[in-house]
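Remarks on the structure that follows.
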Amino acid sequence: MPALAVKTLLHQYRIEEFIANTPLGELYRAVDERANKPFALTLLPKTVAANTEALKELESNAIRLQGIAHPNINEYLGIHKTSTHTFFLETWADGPTLKHIRERGRLDAEEALFVADAVCKGLTALHKLNLPHLHLAPELIRIVKRGEILVCGIGAAGTRQIGAAKYPPHYLAPEQIQGKDAAPAADFYALAVILYELTTGAWINGKTPPRAFDSIRAAHLASPIPAPATLNKNLPDKFSRMILWALRRNPEDRLKTATELTSSLALAAGVPPDKIPPRAEPKTAPVISAALSAWEFLPPPKTKTVGEDTIPLDERLASLSAPKKKTPARPAFVPILLFVIIAGFLSLFFLVRPADETPLPTPIVFTKFVPNITPEPSSTPTPRPTLTSGGRIVFTCTRGDYNQLCMINRDGSDLVQLTDMAANNYYPIFTTDASSILFASNRAGPNFDFFILNFVEREVYQLTDGVGDVVSPDFSPDGRAIVFANKVGDAPTAIWMVNADGLNPRLVYTGARDIVAVAWSPDGERIAYAMNAGRPQEYEIYTMDISGRNHLKVSQGLQGIGGSVDWSPDGRSLLVYAGPFGDKDIFEIEAATGKSVQLTFGGNNAGASYSPDGQYIVFNSLRNDDQADLYIMEADGSGMRQLTNDPEPDWGARWGE
């Protein structure tokens, strides 16, 4: 019987259902009673909970594992302890496991290749941190609603001092059975056992897996393994041989990397590696697709509001002719930190620029942009665009004493002011499904937190609470994590991450100076950021991997770079603005070489962002009588068109769809 029947752990996690025994322990679905969201809770065996050395190893690895954000890795939220229980906590990946798939029928080579490719990509993210999974099993690999495969149970990655007595070692590599040190090759062996089962319907003994440890040990160490093709006549002989290759008992004889394993299996199946689909499709993965169609997914959690401060979205989407509510004057003692945040993004609005490279002084305090420069526009903008493909753009619109949020179609139609409150709202971005807007606001207190404005539920709710002063958010490509710049105490503004549900805020990287803008690469592997160059309101552009390592300076030779950055959809280029004070232009920088191309000439421009298809760029400019408005141009800088026209500044635009 499961050890947890009906309990609530830490006064927060209510155990709902026992799911399965796994190599790590008993897996339960639990509900966070505070957030009303399901989580995966793995109760560790008592032998592990009582092992001080094992717990120290698990806790020391937890920080690195919690920092992983990969489309094929389920989010790990850490290890938790009560007086009687120790457990891992992960996000709940709703969908069938490979155990369910195995029970529905055998996979052909192409469908098995899809599984192998996704699992190998997830394993690669672990192996880059020198943390092999070591506990891979069908119960720990899930397919979620969109058909994407997630490797779960990474909490014990790199740790071999775990072993659930209730789960037979059917997927341990021979070196693990013998008690030897294990490396990534052990993961490839476990995956090969899983592929063997999926394609043949049998275990590596050619029949039902035994329960007795001696029989399991003999099968892993000495007994001959029937070729998969002898059990499934539809498997190509080369594909069958590659599975046997990955099942070699000596780890030195197996393939060395996950990429090699995927490439070899793809070659054996006659499928180019770049043609393997990222998610299950009925044509190439019929068994998995059928299982997804039959799965009863949990209903979405009911979203909570933020008390009386919730903004009714229908009011915000009402006619613009409706009278605006008068807002009281802002108190004179707004913290200096607020202006540090504003200054990082609106550097082109400052009135003074020191000529020498002195340490960063206290920023100039300002409450509202007052233009004093009249740049000569390089060309007369053409009328507003009349594009046929639609698309929405969200931006910060300064209206009265406060910065609000506005939205407009990219053809210039349907301008809507989304917020109207006695608070400042900055850095709006669309969620990955474009159903909501994430933004930073000080509406809940003196510091800035993130809030979500949901179009469907017509609600605004708070995402973070007191993690610091947050700015410049960007979603991971899979929408499961958010990277942002955060100012905590007297430390430099640093790069942080938080789960998309607001849980697990964590520091990723602290630079030598303030970091004011971050952007996640389209492939999910790197993060670009703008860090102060040692001169007031001037920055350099860098990239790093998502764990906060392997930093590369991208900007080369550009002077006066401002505090914003955006990736091109193909991940090859970055958009920045740079130039003399009061005469900034938009530049495109090759991420690999640092080579830059100037896209605008005159007009004092900033805050550029690519459209999702990469064909257009939106940015703000002062070329129209020192009036900060939004403009759109082609990706090569041609065809400039004015989008907004308001006496008060419009800036910080981001494309939605």
Across the alpha-carbon set of segment 200-248, Rg over Rh with Rh taken as the Kirkwood radius works out to 0.99
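Would you mind getting me the FRET efficiency between Ala222 and Thr82? Use the beta-carbon distance for r and R0 = 51 Å, nearest 0.05. List each step's numbers first, then the result.
On the way: r = 43 Å, r/R0 = 0.85.
Between Ala222 and Thr82 the formula returns 0.75.
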Alpha carbon centre of segment 129-145 versus segment 447-469: separation in Å? 32
Neighbourhood charge, 12 Å Cβ-Cβ cut-off, centred on Val471 and excluding it, Lys, Arg +1 and Asp, Glu -1: -3
What is the gain in length, in nm to one decimal, between Asn550 and Glu103 on full extension, counting 0.36 nm per residue of separation less the C-alpha to C-alpha distance? 156.6 nm
Provide the gained length on full extension for the span Thr47 to Asp625, in nm with one decimal, where the gain is 0.36 nm per separating residue minus the Cα-Cα distance. 200.8 nm
How would segment 150-199 be classified by its alpha-carbon gyration tensor: rounded, prolate or oblate, with rounded meaning a/c under 1.5 and the a/b versus b/c comparison settling the rest? rounded
Students often get this wrong: which residues of segment 468-495 have the backbone nitrogen under 20 Å from the point 7 angstrom along Cα-to-C-beta of Glu657? 474-481
Would you work out if segment 550-639 is rounded, prolate or oblate? Take a ≥ b ≥ c from the square roots of the eigenvalues of the alpha-carbon gyration tensor; rounded if a/c is under 1.5, else prolate when a/b is larger than b/c, oblate otherwise. oblate
Roughly speaking, what is the stretch gain from Ala592 to Thr432, that is 0.36 nm per residue apart minus the C-alpha to C-alpha distance, in nm to one decimal? 55.0 nm
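Could you list, in their original order, any pairs among Lys81/Lys166; Lys7/Lys207; Lys128/Lys238; Lys7/Lys487 whose Cα atoms are separated by more than 32 Å?
Violating the 32 Å limit, Cα to Cα: Lys7/Lys207; Lys7/Lys487.
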Taking R0 as 22 Å, what FRET efficiency do you get between Glu59 and Glu525 from their Cβ-Cβ distance, rounded to the nearest 0.05? 0.25
List the chymotrypsin sites (Phe, Trp or Tyr not before Pro) within segment 61-90 that DSSP assigns to loop and that have no more than 14 neighbouring Cβ atoms inside 10 Å. none
With label points set 7 Å from each Cα along the Cα-to-Cβ direction at Leu415 and Asn234, the distance between them in nm comes to 6.0
How large is the Kirkwood hydrodynamic radius of segment 22-69, counting all unique pairs of alpha carbons, in Å? 12.5
What number, in nm² with one decimal, is the all-direction average of the projected area of the convex hull of the alpha-carbon atoms of segment 8-294? 14.2
FRET efficiency for Glu457 and Asp570 from the Cβ-Cβ distance with R0 = 45 Å, rounded to 0.05, comes out at 0.85
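Taking square-rooted eigenvalues a ≥ b ≥ c of the alpha carbon gyration tensor, is segment 192-310 rounded, prolate or oblate, where a/c under 1.5 means rounded and, failing that, a/b exceeding b/c means prolate?
prolate
No lab work stands behind these numbers, since they all come straight from the coordinates. Note that the structure is predicted; figures quoted are calculated from it, not measured. Every residue, glycine among them, receives a Cβ derived from its backbone with ideal geometry; neighbour counts consider all protein chains shown.
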